[in-house]
Amino acid sequence: MIVGAGIAGCMAAATIALKGKGRVDVALLDRNPPSEVGKKNTLGWVCGDAVGEHHIKYVHDQVGVTYGLPEMENHVTAVYVYSPDMKVKVPFEGPGFVLDRPKFGRRLLDDALKAGVAYLGNAQATGLIAESGRVVGLKGQTTERSVNQPFEIRAKLVIDSSGMSTKLRRDLPIPSYIEKEIDKDDVEPTARINARLGDGIEVETSHCDIYLDQEKAPGGYLWLFPKAEDKVNIGLGIQQKRTHRPLNALLKDWVSTDPRLKNIQPLTDDSNLNGAWQVSVRHQNDCLVANGYMICGDAAWFPNPISAGGIGPGLIGGVMAGETAIRAVEANDFSERQLWQYNLDFVQHYGNKTAGLEAFRLYLQTLNNEEINYGMRHFLSASEATEISLGEMPELSPLQKLVKLFRGLGSYKAFKGLVYTMDGMKQLNHLYQQYPKEPSQFPAWKGQVDSILSKARTRFN
């Protein structure tokens, strides 16, 4: 049983059905009807719509699925990150796509349905059923019209992909190492608009743009992702504690001051509704499994701590969750120990750098625009920026470069914070290379991770 038919849930369901070759019964439960699969709220899908090509390639290599038009709306070759003063543009080379998010979601569901997945729409999971220390099913209710009919479903395994604040994880009724709650400072409110540009205004379609500006987007960034020469996805994410201004007011200010966005016309079809949503910007839940239960996608806090991008890790995690489920079925063993390989697979392929990225995000959010301008102008080469974005640490040498950076920042606190953060990233990356091979080793390892991040939070609060 899979709860939540977003990207991770659909991908997990399709993987089980395709790789299980009819041997495994899969049900996919979601509050939406099939035509609106993956829709987050009444405002729509509320997403930046971007994904790296390597994530799409991973799905093709593992599951054999190929995507194209109409769900892949535009192909880009890089992401450009701009300094607050707009004088520095750092390219992050690498191909990717800007999606038509609703069409992509429906394509994922269609693949799952064709492979034999049963879709249970207009239904909401309300809790898990546990017996003898393991999850054995779930409780729910129908949501169609005004009728709320309760139901129970028994299942050997429940995969929870029902969102960042899923009630199933928060109320998990059995002992486990899964973290149940997320800190409010690890959640970024985001808002976006999909729009047509004004007459005679076009954007370059070959790259996505990200703008760092602690005044326009405190603790976050602004984005402009091209869907076509005259069609864009624009938005911003912020850390709420760093501003008293409403999210939509900040977005409105940007639109009113950027000449490219003059006279934009927000799109209103079903694939392009505007709206706001909240995204996790911490590393993934360090444990993804319990007896009879797994978490995936936003429910497991998969979005990247720096970019908040969740489509790519949702696809990867969905495939891995599905493969883990198949092995459990073949072994007729749904215990935490049997499912533990899912932790190892995700950490090895994606999650081994995310705690380090979280530490860097904590530091970056303390810098002002002047410090960011100088750092991007004198410290960050394209290769160094790419290394940091991947969770790697560029060499902080020679010493002359450090001294130059320190003098330019004009802040001993900012300089020490950078050195401290790089050291913490190295420690965290090393720890994740040593991720516990079995559950009994987890508490001691987790204690070391939490200690490093707790000290970073205290320092950069």
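Provide the FRET efficiency to the nearest 0.05 for the residue 204-residue 348 pair, computing r from the beta carbons and using R0 = 41 Å. Write out the running numbers ahead of the final one.
Details: r = 36 Å, r/R0 = 0.88.
According to the calculation, E is roughly 0.70.
Applying the criteria of a DSSP loop state and at most 16 other Cβ atoms within 10 Å to the trypsin sites (Lys or Arg not before Pro) of the range 255-312 yields 262.
Among the listed values [x] 851; [y] 164; [z] 138, the one computed from these coordinates for volume of the Cα convex hull per residue in Å³ is [z].
Bridge orientation summary for the chain: considering DSSP beta bridges with both residues in this region, about 80 percent are antiparallel.
Straight-distance candidates among the lysines for linking to residue 19, with alpha-carbon spacing under 20 Å and chain neighbours fewer than 8 residues away dropped: 57, 114, 156. Proximity of backbone amide H atoms, modeled 1.01 Å from N, is registered between residue 155 and 137, 138 at under 5 Å, excluding neighbours fewer than 5 places apart on the same chain. In nm, to one decimal, how far is the modelled label at residue 333 from the one at residue 86, with both set 7 Å along Cα→Cβ? A separation of 6.1 nm, rounded to one decimal place. Of the trypsin sites (Lys or Arg not before Pro) found in the range 22-99, those that fall in a DSSP loop while having at most 12 other beta-carbon atoms within 10 Å are 23, 87. Listed by chain and number, the lysines whose alpha-carbon sits under 18 Å from that of residue 89, ignoring those within fewer than 8 places in the same chain, are 216.
Note on residue 193: accessible area approximately 30 square angstrom, rounded to 10, probe 1.4 Å, nucleic acids and ligands left out.
Mind checking the dipole of the chain: about its Cα centre, +1 per Lys or Arg Cβ, -1 per Asp or Glu Cβ, Debye to the nearest 20? Don't jump to the answer; show the numbers that get you there.
Numbers: 52 positive and 53 negative charges, 168 e Å.
My answer is approximately 800 debye.
Taking 0.36 nm per residue of separation and subtracting the current Cα-Cα distance, fully stretching the chain between residue 448 and residue 154 would add 102.1 nm. Quick one: if the Förster radius is 60 Å, what FRET efficiency do residue 420 and residue 147 give, using the C-beta to C-beta distance and rounding to 0.05? Once the sixth-power term is evaluated, E becomes 0.60.
Placing a pseudo-label 7 Å from each Cα along the Cα-to-Cβ vector at residue 430 and residue 126 gives an inter-label distance of 5.1 nm.
The values are calculated or read from the model by the stated rules, or taken from the named source; none is laboratory data. Fair warning: this is a prediction, and the values are worked out from it, not measured in the lab. Note: ideal-geometry Cβ built from the backbone for every residue, glycine included; neighbour counts use all protein chains shown. Areas reflect the complete protein model, heavy atoms only, side chains present, ligands, DNA and RNA absent. Shrake-Rupley method; radii C 1.70, N 1.55, O 1.52, S 1.80 Å.
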